[in-house]
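Below is one structure, written out as C-alpha cells; comments come after it.
The values are calculated or read from the model by the stated rules, or taken from the named source; none is laboratory data. Keep in mind that what you see is a predicted model, and the values were worked out from it rather than measured. Cβ coordinates were reconstructed from backbone atoms using ideal geometry, including for glycine residues, and neighbour counts include every protein chain displayed.
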Amino acid sequence: MIVTKEKPVEEILEYLAPYKNVLVLGCDGCTQPPRGLKQAKMYAMLIEMAAKLRHKDIKCRAATVAMQCDNYLCSSTVHPQLEGVDAVLSLACGIGVQTFAEVFPDVPVYPGQDTVFAGSQERENGKLYERCKACGDCLLGETGGICPVTACAKGLMNGPCGGCVEGKCEVPYEIRDEKGEVIKMIERDCAWYRIYERLKKLGRLDLYRKYRSPRDRAVSAWPRLLEGV
Ligand code: SF4
Ligand code: SF4
C-alpha cells in the first residue's frame, strides 16, 4: 500500500486561497490510511470551517475514485463531477495527483497528502513500515523475502556491516513531528541479521553466502516506462 500523511490545513488553505468551489477527491485504491469518500467528506467540512474561521468563503464538495492513478477510471468518474469546480484537492498519493493533472490539464489540482512510502501495515500496533523502493530488480528470492534495499539503512547487497551489534542496526528509525524535527528514535533489527536468520531457518544459507555485486542503477534510472500493460 502507498502510505500517506495529511498535509497541514494551513498549507492546504494556502493552495486553495484563489478558489471558491473546490472538489475534494478521495481515492479508494491502496492509499493508507484510507482516503475514500468518508475522508473526502470530512476534509470538505474541515476546509470549509477552517476557511470560515479565517473569514474566507470556500465551498467544498466531495467525491471519490476507485483508483485515481488509473487514467480511464479517473477520467470517467471525475468528469461528471467537475461542473462549477474551480480546483481539486486530491487525497490520493502523488501518483494519483499526477494522473489527475494529466487527464484534466485545465483543472488546477493540489495534493492534500504527503506521500511517504510503499509499506506494509501491522494492524495490532497501528504501524506502517516501509517495505519496497520499487528498485526494478527484485532480490527477495535471494534474501528470504526481506528487502535489503529498503530494510538495510545503507542498502547493502552483502551484510551485515560493522554497525550490527547483537542483531540491532546502528541506525534507528527516526520519528519526526510536523516540522520535521526528530521526536523519537526507535531501535531496529539489522536487515542482514534477519536475512541470515531467515535463510538459516529455511535451510538456504547457500543464498546468504552468495556474493551480490553492486546494483545496476540503470535499471531504476527514472523516470521509468513500462509498455504493453
Ligand atoms: S528488492 Fe526490495 S526494493 Fe527492490 S523490488 Fe524487491 S522489495 Fe522492492
Ligand atoms: S547494521 Fe545491518 S541494517 Fe544496519 S546498516 Fe548495517 S547491515 Fe544495514
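General observations
- Verdict on Leu128 being outside any helix (DSSP H, G or I), exposed (fewer than 12 other Cβ atoms within 10 Å of the Cβ), at pLDDT below 95 and not assigned by TED's automatic domain parsing to the domain that holds Lys7: no
- Unmet requirement for Glu170, which otherwise passes all of (1) assigned to a loop (DSSP other than H, G, I, E, B); (2) of a type in the set (Asp, Glu); (3) more than 8 Å from ligand 2 (Cβ to nearest atom): (3)
- Candidates Val107, Val103, Val149, filtered to the one that is outside the structural domain of Ala44 (by TED's automatic domain parsing) and among the aliphatic types (A, V, I, L, M): Val149
- Listed by position, the strands (runs of 3 or more DSSP E) enclosed by the stretch 1-98 that each have at least 1 residues that are over 19 Å from the mean Cα position of the chain (by Cα) are 21-27, 59-65, 87-90.
- First in the stretch 32-57 and surrounded by 14 or more Cβ atoms within 10 Å (Cβ to Cβ), second anywhere and among the charged types (D, E, K, R), Cβ under 6 Å, 6 or more apart: Gly36/Asp28
- No other residue among Gly180, Gly163 is surrounded by fewer than 11 Cβ atoms within 10 Å (Cβ to Cβ), more than 16 Å from ligand 1 (Cβ to nearest atom) and in a loop (DSSP other than H, G, I, E, B) apart from Gly180.
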